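Asker: Have a look at this one.
The values are calculated or read from the model by the stated rules, or taken from the named source; none is laboratory data. Small disclaimer: the values here were computed from a predicted structure and weren't measured. Heads up, the Cβs are rebuilt from the backbone with ideal geometry, glycines too, and the neighbour counts pull from every protein chain shown. Areas reflect the complete protein model, heavy atoms only, side chains present, ligands, DNA and RNA absent. Shrake-Rupley method; radii C 1.70, N 1.55, O 1.52, S 1.80 Å.
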Amino acid sequence: MDRMYGFIGCGNMASAILGGMLAGGVCAPEQLMVYDVSAEKCETFRQKGVFVAKDAAELVRRCDVVVLAVKPQVYGSVLEGIKDAVDETKILVSIAAGISTDYVKKAIGFPCKVVRAMPNTPLLLGCGATALSRCPSVTDSEFEEVSRLFSASGIVENLPEESMNAVISVNGSSPAYVYLFAKAVIDSAVAQGIERKAAKRLIIQTLKGSAKMLDESGMEPDELIKMVASPGGTTLAALNSFSDDDFEKVIDNAMMACTTRAGELAK
Ligand SMILES: NC(=O)c1ccc[n+]([C@@H]2O[C@H](COP(=O)([O-])OP(=O)(O)OC[C@H]3O[C@@H](n4cnc5c(N)ncnc54)[C@H](OP(=O)(O)O)[C@@H]3O)[C@@H](O)[C@H]2O)c1
């Protein structure tokens, strides 16, 4: 019989992962089931040929792999509602910031199979980046199965569980940092008389091109910086200004704040 994949919570991340699974041919719509407190959101998925469960417990009973795609703040109540439906064959995938595999197992009441995932919103466009870790009861083939759900929409990296809070600021929430950088560049360009639309187009292409250079040149960030910054030139003037403002410390502080918050969310 075909494996069934379920999503509890039909928000941004569920839409992104599920959309990628369908587009990538990982499974057919009839192998998918969703449940959300919002009937309207469920309806959108029903129109794509996906089953809608009457509640989260029914979804768990009917699915082999269940992605818990709700906010960390409601994890406790969602796990309480499904715990009687979880058995030793079900694979639970926790995508919430800060929610550990131990937290899930404790709430379910026995050492069930849990994979922890940290995806990001670019999955929506098929260019996501997902970090995955698993607890010991998940077999290699089960882990590969979960990995396929995410690799349909981008790249996947396997990490030890102890890195899963720290990785949030590397791929999960970092798209927001990149947007903030882009916004600051556009605002400064506008203040210097450049039309907003032109500035936006130029920085978008520069971000794409720079990411491609990092990906394909085989060079380290420092080497690529050197390629742009000629002695006594304009780039160096900007880099010196970044250095005066301790840019790298600013980034480190923000990433540490993200990791600290992840630790608080599971309490
Ligand atoms: N967004 C990101 O960039 C990102 C990146 C990595 C990981 N994550 C993680 O992904 C998870 C989901 O994030 P998201 O951005 O997709 O959130 P979201 O868009 O708010 O989606 C969550 C959905 O779950 C619904 N919901 C709330 N309580 C529920 C319940 N008891 N049972 C079933 N559904 C319920 C919500 O409905 P209401 O809106 O009516 O409450 C909403 O439709 C979070 O844990 C987050 O940490 C997000």
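Asker: Give the residue, chosen from Glu162, Glu195, that is under 30 Å from Pro136 (Cα atoms), open to solvent by 80 Å² or more (accessible area, probe 1.4 Å), charged (D, E, K, R) and more than 16 Å from the ligand (Cβ to nearest atom).
Answerer: On the way: Glu195 fails: under 30 Å from Pro136 (Cα atoms).
The conditions single out Glu162.
Asker: Given the conditions (1) within 26 Å of Pro136 (Cα to Cα); (2) in contact (Cβ under 8 Å) with a residue 24 or more places away in the chain, report the number of the one that Ser77 does not fulfil.
Answerer: (2)
Yes/no matrix, rows are residues, columns are (1) in the same structural domain as Leu125 (by TED's automatic domain parsing); (2) within 15 Å of the ligand (Cβ to nearest atom); (3) open to solvent by 80 Å² or more (accessible area, probe 1.4 Å); (4) of a type in the set (Val, Ile, Thr):
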{"site": "Ser15", "(1), (2), (3), (4)": "yes, yes, no, no"}
{"site": "Val26", "(1), (2), (3), (4)": "yes, no, no, yes"}
{"site": "Ser38", "(1), (2), (3), (4)": "yes, yes, no, no"}
{"site": "Phe45", "(1), (2), (3), (4)": "yes, yes, no, no"}
{"site": "Ala57", "(1), (2), (3), (4)": "yes, yes, no, no"}
{"site": "Val60", "(1), (2), (3), (4)": "yes, yes, no, yes"}
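Asker: Follow-up. Do we find that Lys83 is away from the ligand (no atom under 15 Å from the Cβ), in a helix (DSSP H, G or I) and open to solvent by 20 Å² or more (accessible area, probe 1.4 Å) in this structure?
Answerer: Working: away from the ligand (no atom under 15 Å from the Cβ): no; in a helix (DSSP H, G or I): yes; open to solvent by 20 Å² or more (accessible area, probe 1.4 Å): yes.
No, not satisfied.
Asker: Would you pick out the residues in the range 228-242 that are at pLDDT 95 or above and open to solvent by 80 Å² or more (accessible area, probe 1.4 Å)?
Answerer: Val228, Thr234, Asn240, Phe242
Asker: Does the range 165-192 hold any residues that are farther than 24 Å from Ile17 by Cα and open to solvent by less than 40 Å² (accessible area, probe 1.4 Å), and which are they? Before you say what the answer is, go through the steps one by one.
Answerer: Taking the range 165-192 first, the residues farther than 24 Å from Ile17 by Cα are 180-192.
Within the range 165-192, Ala182, Ile186, Ala189 qualify.
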